[in-house]
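Worksheet for the structure shown next.
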Amino acid sequence: MLLLIGFSVSAQEMTDEHKKEIQDRVKSKVEEFQGYLSSIVNTELSDVRRNAAKESALALFMGEGEPYYIFDEDGNKERHREVRMQISSVNSGNIGSKAVKKYLQDSYDNIHKYLKVTIQAADAVRVDNIYKVGEGQYECMAYFAQKYIAYGKDGNIRYGDFTRKKIKVHITAKEIPAVGIIFEAKLGDIYVESTEKTR
């Protein structure tokens, strides 16, 4: 799903009504990402469908998993490393970090270690206020939770956690001839807020 919303306003403006509509679309985009995660680890799906889910998930992110460029407050082009995702474990209590592209590939591959893996949305997605960070550049944070369960070859749960995360969302105003200003949103870095044993 592309987040393209047309308005006849300047790139410097974004009304509360526009913000609310974009927040709703961002929420849908995060829910879409969660759905792709569930498909990636679903062994009942074909490898073709699981791989398609992985590629579709990457398309939601800045740079599609590769380094990307954004403009700073002065209009200068800045190169950023690839989007990263924090990972956590209830066993170690540590929080690490992986490139989102590697995380999705590892999720795709790790199912072979277990009989079954499930990743499910565990709470409603919440999106906070959108704020301006540069000329035609905006950001917001979205909050979500997921439940991860891995079953061993014997059918018993080998690992399970309930993790709350937040994700930075980059919103860019672009002017399209004969259309006006549109706002495009892409997902950015994902951070762990808390991790506990599966409820």
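Suppose we filter segment 152-178 for residues that are β-branched (Val, Ile, Thr), more than 18 Å from Ala142 (Cβ to Cβ) and out of contact with any Leu (no Cβ under 9 Å at 6 or more places or on another chain); how many remain?
Residues flagged as β-branched (Val, Ile, Thr), more than 18 Å from Ala142 (Cβ to Cβ) and out of contact with any Leu (no Cβ under 9 Å at 6 or more places or on another chain) within segment 152-178 amount to 1.
Please state which one of Val179, Val100 is within 28 Å of Arg25 (Cα to Cα), surrounded by fewer than 16 Cβ atoms within 10 Å (Cβ to Cβ), of a type in the set (A, V, I, L, M, F, W, C) and in contact (Cβ under 8 Å) with a residue 40 or more places away in the chain.
Val179
Search segment 184-194 for residues being buried (at least 19 other Cβ atoms within 10 Å of the Cβ) and of a type outside the set (D, E, K, R), and hand back the single one that is farthest from the chain's Cα centre (by Cα).
Ala185
Please work out if Thr198 is buried (at least 16 other Cβ atoms within 10 Å of the Cβ) and of a type outside the set (A, V, I, L, M).
Spelling it out, it is not the case that Thr198 is buried (at least 16 other Cβ atoms within 10 Å of the Cβ) and of a type outside the set (A, V, I, L, M).
Is it the case, given these coordinates, that Val48 is among the aliphatic types (A, V, I, L, M), exposed (fewer than 12 other Cβ atoms within 10 Å of the Cβ) and in a helix (DSSP H, G or I)?
Taking the combined requirement at face value, the residue satisfies it.
Find all pairs meeting these conditions: Cβ atoms under 9 angstrom apart; at least six residues apart or on different chains; first residue within segment 26-48 and touching a residue at least 24 places away in the same chain (Cβ under 8 Å); second residue surrounded by fewer than 14 Cβ atoms within 10 Å (Cβ to Cβ) and in a loop (DSSP other than H, G, I, E, B).
Partner pairs satisfying both residue conditions: Lys27/Ala124; Ser28/Met1; Lys29/Met1; Glu32/Met1.
What residue, among those in segment 51-91 that are charged (D, E, K, R) and within 16 Å of Phe33 (Cα to Cα), is surrounded by the most Cβ atoms within 10 Å (Cβ to Cβ)?
The qualifying residue surrounded by the most Cβ atoms within 10 Å (Cβ to Cβ) is Lys54.
Here are some residues: Tyr143, Tyr131. Which one is at pLDDT 90 or above, of a type in the set (Ser, Thr, Tyr) and within 30 Å of Glu44 (Cβ to Cβ)?
Tyr143
Name the single residue, out of those in segment 103-126 being closer than 20 Å to Ala59 by Cα, aliphatic (A, V, I, L, M) and touching a strand residue (DSSP E or B) at 6+ places or on another chain (Cβ under 8 Å), that is surrounded by the most Cβ atoms within 10 Å (Cβ to Cβ).
Result: Ile119.
The values are calculated or read from the model by the stated rules, or taken from the named source; none is laboratory data. Not measured: the values here are computed from a predicted model. Positions of Cβ are backbone-derived with ideal geometry, glycine not excepted, and every protein chain shown enters the neighbour counts.
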